[in-house]
Amino acid sequence: MNPADLSATLLAVVTRVLGRRGAEVAVGIGDVPLERPRNRDHGDWASNIAMKLAKPLGVAPRVLAEEIATELAATEGIAAVDVAGPGFINITLDAAAAGALARVIVEAGADYGRGDLYAGVTMNLEFVSANPTGPIHIGGVRWAAVGDSLARVFQSQGGLVTREYYFNDHGAQIDRFARSLIASWLGEPTPEDGYAGQYIEEIAARVVDAYPGELADIPDRAEVQEVFRSVGVEFMFGDIKKSLLDFGVAFDVYFHENELHESGAVEHAIDRLRELGAIYEADGATWFRSTDYGDDKDRVVIKSDGDAGYISGDLAYYLNKRERGFERNIIMLGADHHGYVRRLMAMTAAFGDTPYYNLEIMIGQLVNLVRDGVPQRMSKRAGTVVVLEDLVDAVGVDAARYALVRSSIDSQIDIDLDQWSRKTNDNPVFYVQYAHARTNAVARNAIAVGVDRSAFDAALLTHETESVLLGNLAEFPRVVRQAAELREPHRIARYSEELAGAYHRWYDSCRVAPQGDEPVTDLHRTRLWLNDATGVVLRNALALLGVSAPERM
RNA sequence: GCGCCCGUAGCUCAGCGGAUAGAGCAAUUGACUACGGAUCAAUAGGCCGGGGGUUCAAAUCCCUCCGGGCGCACCA
């Protein structure tokens, strides 16, 4: 009996009890909580439904609980139902009903854990989106890990996900980048507000090499800058793409901001807002009346000098995504951008869409670089920036991704490169990966001595550690669903650590392969199913995190 | 001044109203002539930042104060 069956059974019982009492209270499947209690003495599953319903019914919680428990206990597959504390209903499954899950999981394979929460929903996930003025520094790395993992989670819930990188190749920052390249080429000092560092020298040299003629022969400085801009950005972009791919993150769309400005999309978006009455002129500029939609001040969309204001790109981009058919649009930003949330939600409302539904903004707290416990100030000018490659070189892709995705995005992360690289055993990713490798080793050994999956008798899985392990395995689909609903992939990492622990403890007390001259029994065969089921779930969980599941370590 | 995030074991962090608040690391002590010891078992470690409130029940929700991070442009 899996959790879904048990939920349905409990709901049916509760509905019958309510009906008998002639209660006016209606309950749906979402109203009957069922959770795994921390304490093993409280059974396999527990529900507080009686306490929830006690008040509206005017009945003592324990009385209601007893009533539900009695009927529930008569259900096949349920070994015992107890009422405890203020009115908890504690349910213990019989071994056969609980153990059947092992076979279900092995047969489902990679499909175990999938759900239909976002079946058929078009979802656009925009993340990283670092400016192409330099390599991806560690601030962007967090989103590369979390955003990609979230995309995998949504996909496992049936979402039609597009990973999108907004490539900011328009505006003053790019001009500064181009001027920095020229300065490097001419051997001049880095311009004010410019970019410095080894990578600028390299990109500049590559631009010079790539140019078919002699850059020095071009008389017009603006023309030279345009060469450095377009070619330099292209090289920078290629480097960024490569490091993301090396990190295991493949974007479906790299969207160029420039395109919005050149294609007339910006005007289109402003026109649209004008039709909707959200645009006005004042002080020689064009404004978006965002205060009508909850923003704290109106925003300039066209500056008095005729240039587009910053928000106009966002307007056009959002409208473009909607016109491309995306129902759900999620943008992931660093905490230093949280001030944008209001204006972007105002924009969403102004377009007639639903804020926090058609558009969501996820804010991730910043990542600090720490050395020997002291926060390091990163400076592009001083060249003390730690970039994606540095992190990967130091600790590897799996360890880096896992460590980044393991924490809630609401908490700040300190990255101490020395510590992360030196004390790799501190990273729980190895604990989880080791558990997976162990499931493979156990299976190899078992098969070598003649254990196979030709028999499965779930009633034999009676050991304490087996029922705990089965309970953990049963939780996986709900964990994935919850991670999707809350946009919190870190839950999957935490879950995988719990599962790995349960597996290691089971391994310690239950043998799969017979030892010595022992004959192979159905117990061994059944345990092989359980072993393999654990391997499947660990593999599926790690896949959702973008971390490899090695067969040997 | 206004807004967002955080404050939980020595450290790093889980815990979207439930039972005795958990894990990893660090510390102490044990377990391999048994499927991989990157493991397991045990011990120790907590006014969940302070104070009010909401209710059968608060680390969790609300208010307030303290502490830390970040943000409040016709800059991008």
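The values are calculated or read from the model by the stated rules, or taken from the named source; none is laboratory data. The model shown is predicted, which means the values in this text are computed figures rather than measured ones. As a convention, Cβ positions derive from the backbone with ideal geometry for all residues, glycine included, and neighbour counts pool all protein chains shown. These area figures cover heavy atoms from the full protein model, side chains too; ligands, DNA and RNA do not enter into them. Shrake-Rupley method; radii C 1.70, N 1.55, O 1.52, S 1.80 Å.
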Looking at the stretch A:182-193, is at least one residue under 39 Å from the mean Cα position of the chain (by Cα) and either buried (at least 22 other Cβ atoms within 10 Å of the Cβ) or over 30 Å from residue A:313 (Cα atoms) (or both)?
no
Residues of the stretch A:169-195 classified as within 10 Å of RNA strand B (Cβ to nearest atom) and among the basic types (Lys, Arg), total:
1
Within the stretch A:138-168, of all residues that are in contact with a strand residue (DSSP E or B) (Cβ under 6 Å, 6 or more places away or on another chain) and aliphatic (A, V, I, L, M), the one most open to solvent (accessible area, probe 1.4 Å) is A:160
Breaking point among (1) within 30 Å of residue A:138 (Cα to Cα); (2) at pLDDT below 95; (3) open to solvent by 80 Å² or more (accessible area, probe 1.4 Å); (4) over 34 Å from the mean Cα position of the chain (by Cα), for residue A:234:
(4)
Being away from RNA strand B (no atom under 12 Å from the Cβ) and either within 17 Å of residue A:441 (Cβ to Cβ) or in the same structural domain as residue A:398 (by TED's automatic domain parsing) (or both) is true for just one of A:539, A:552, A:511. Which residue is that?
A:539
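Condition check ((1) in contact with a strand residue (DSSP E or B) (Cβ under 6 Å, 6 or more places away or on another chain); (2) modelled with pLDDT of 95 or more; (3) among the small types (Gly, Ala, Ser); (4) within 19 Å of residue A:267 (Cα to Cα)) across all residues:
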position: A:294; (1), (2), (3), (4): no, no, yes, no
position: A:300; (1), (2), (3), (4): yes, yes, no, yes
position: A:316; (1), (2), (3), (4): no, yes, yes, yes
position: A:326; (1), (2), (3), (4): yes, yes, no, no
position: A:330; (1), (2), (3), (4): yes, yes, no, no
position: A:345; (1), (2), (3), (4): yes, yes, no, no
position: A:353; (1), (2), (3), (4): no, yes, no, no
position: A:360; (1), (2), (3), (4): yes, yes, no, no
position: A:369; (1), (2), (3), (4): yes, no, no, no
Result of the Cβ filter at 7 Å on the stretch A:146-170, keeping first residues that are under 24 Å from residue A:411 (Cβ atoms) and partners that are among the hydroxyl-bearing types (Ser, Thr, Tyr), at least 6 apart or interchain, is A:154/A:118
Suppose we keep only residues that are small (Gly, Ala, Ser) and away from RNA strand B (no atom under 11 Å from the Cβ) within the stretch A:329-349. Which one would you say is most open to solvent (accessible area, probe 1.4 Å)?
A:349
With the checklist (1) more than 10 Å from RNA strand B (Cβ to nearest atom); (2) without any contact (Cβ under 8 Å) to a residue 12 or more places away in the chain in hand, flag the one item residue A:297 doesn't pass.
(1)
If you go through the stretch A:267-281, how many residues are within 13 Å of RNA strand B (Cβ to nearest atom) and open to solvent by less than 30 Å² (accessible area, probe 1.4 Å)?
0
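Conditions (1) over 24 Å from residue A:45 (Cβ atoms); (2) open to solvent by less than 10 Å² (accessible area, probe 1.4 Å), marked per residue:
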residue: A:440; (1), (2): yes, no
residue: A:443; (1), (2): yes, no
residue: A:468; (1), (2): no, no
residue: A:485; (1), (2): no, no
residue: A:500; (1), (2): no, yes
Report yes if residue A:452 is of a type outside the set (A, V, I, L, M, F, W, C), surrounded by fewer than 20 Cβ atoms within 10 Å (Cβ to Cβ) and over 36 Å from the mean Cα position of the chain (by Cα), otherwise no.
yes
When the stretch A:467-480 is examined, which residues are found to be modelled with pLDDT of 95 or more and farther than 15 Å from residue A:538 by Cβ?
none
Looking only at the stretch A:234-251, decide whether some residue is within 16 Å of RNA strand B (Cβ to nearest atom) and touching a Ser or Thr at 6+ places or on another chain (Cβ under 9 Å).
yes
Index of the failed condition, residue A:68 passing every other in (1) within 14 Å of RNA strand B (Cβ to nearest atom); (2) surrounded by 21 or more Cβ atoms within 10 Å (Cβ to Cβ); (3) within 30 Å of residue A:242 (Cα to Cα)
(3)
Please determine, by comparing only the residues of the stretch A:35-65 that are surrounded by 17 or more Cβ atoms within 10 Å (Cβ to Cβ) and polar (S, T, N, Q), which one is farthest from RNA strand B (Cβ to nearest atom).
A:47
